[in-house]
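The structure under discussion is supplied below as structure tokens; questions concerning it will follow.
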Amino acid sequence: GDDIGTGADSNQALESAGGTGLGSGILTIRCISVTGAVGGYAGVGVAIGAVTLVSNVKAYVEGDIVKADSVSIKAETNYPGVVAATLAISGALVGVSGSIGSSAFSGSTFAGVVGDAEIGMSNEGTIGGITVQAVSVSNATALASAFSGGGVAVNGAIALAVDLCEVESFIGQNVKIKTTGTTSVLSTVNADADAFIVGVAVGAVSVGLS
């Protein structure tokens with residue numbers, strides 16, 4: 001599990017030439033499992049690989065900002081490679097191989113201005129502009145391969161890929177904002193899940209399942 005956050009609470013008043021709040025989670029995770037079995041009479045090979053990733057990223061302002069040229073609040077999740085790959089090989093008079101690959105990603109990405117925050121409401125200064133942005137990029141990939149050979153060859157392969165993500169960016173209803181520029185609230189999602197299966201059985205009697 002991955003929990004990342006940054007924020008300013010309701011007791012803070014900020015003044016700067018430019019402010020940026022960034023919550024970010026960037027990671028590549030791979031799980032690879034390989035097994036092989038070769039015997040005179042029977043060869044049995046089983047490979048199992050599983051990756052499960054849960055990520056929660058937050059970037060927010062809950063306090064007041066008195067003066068700034070610009071304010072940027074961005075939460076970013078970037079997991080382009082959550083991969084599980086398995087390979088099972090068996091060879092004998094009776095060859096049996098099984099391969100299971102599972103890759104799962106789930107999480108949330110949140111950017112916002114919340115609570116009773118006041119942005120640029122003071123007479124002491126102005127806010128040039130404010131951008132609130134949540135970005136999520138994720139890819140879950142599962143690959144299961146099984147190869148068997150013999151007088152009797154049996155193999156089976158299962159691949160499962162899951163990508164579930166929640167992305168939010170907003171300015172709360174109790175927030176007060178006054179700027180001399182633009183106010184932008186943006187959300188971007190790029191989610192992908194791919195499952196691949198490769199199975200080869202060679203023998204006088206061959207059975208393949210996927």
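The values are calculated or read from the model by the stated rules, or taken from the named source; none is laboratory data. Quick caveat: nothing in here was measured; it's all calculated off a predicted structure. Note that we place each Cβ from the backbone using ideal geometry, even for glycine, and neighbour counts take in every protein chain shown. Ligands, DNA and RNA are excluded from the accessible area calculation, which covers all protein heavy atoms including side chains. Shrake-Rupley method; radii C 1.70, N 1.55, O 1.52, S 1.80 Å.
Which entry in [x] 170; [y] 113; [z] 92 matches volume of the Cα convex hull per residue in Å³ derived from the coordinates of this structure?
Computed from these coordinates, volume of the Cα convex hull per residue in Å³ corresponds to label [z].
With no solvent and one point on each alpha carbon, what is the Debye value of log10 I(q)/I(0) for the range 107-181 at q = 0.22 Å⁻¹?
One equal scatterer on each Cα of the range 107-181 leads to -1.01.
Place a label point 7 angstrom from the Cα of residue 160 along the Cα-to-Cβ direction, then list the residues of the range 29-71 whose backbone nitrogen is under 16 Å away.
Under cut-off, by backbone N: 47-54.
Suppose all protein chains stay in the model; what accessible area per residue would a 1.4 Å probe give for the chain, in Å²?
Here the residues of the chain average 48 Å² of exposed surface.
Calculate what fraction, in whole %, of the accessible area of the chain sits on carbon and sulfur atoms when a 1.4 Å probe is rolled over the protein chains. Before the final figure, lay out the partial values.
Details: 5470 of 10130 Å².
So the carbon and sulfur contribution to the accessible surface is 54 percent.
Along the charge dipole of the chain, Cβ charges K/R +1 and D/E -1, which of 109, 180, 71 sits furthest on the positive end?
Looking along the dipole axis, the top candidate is 109.
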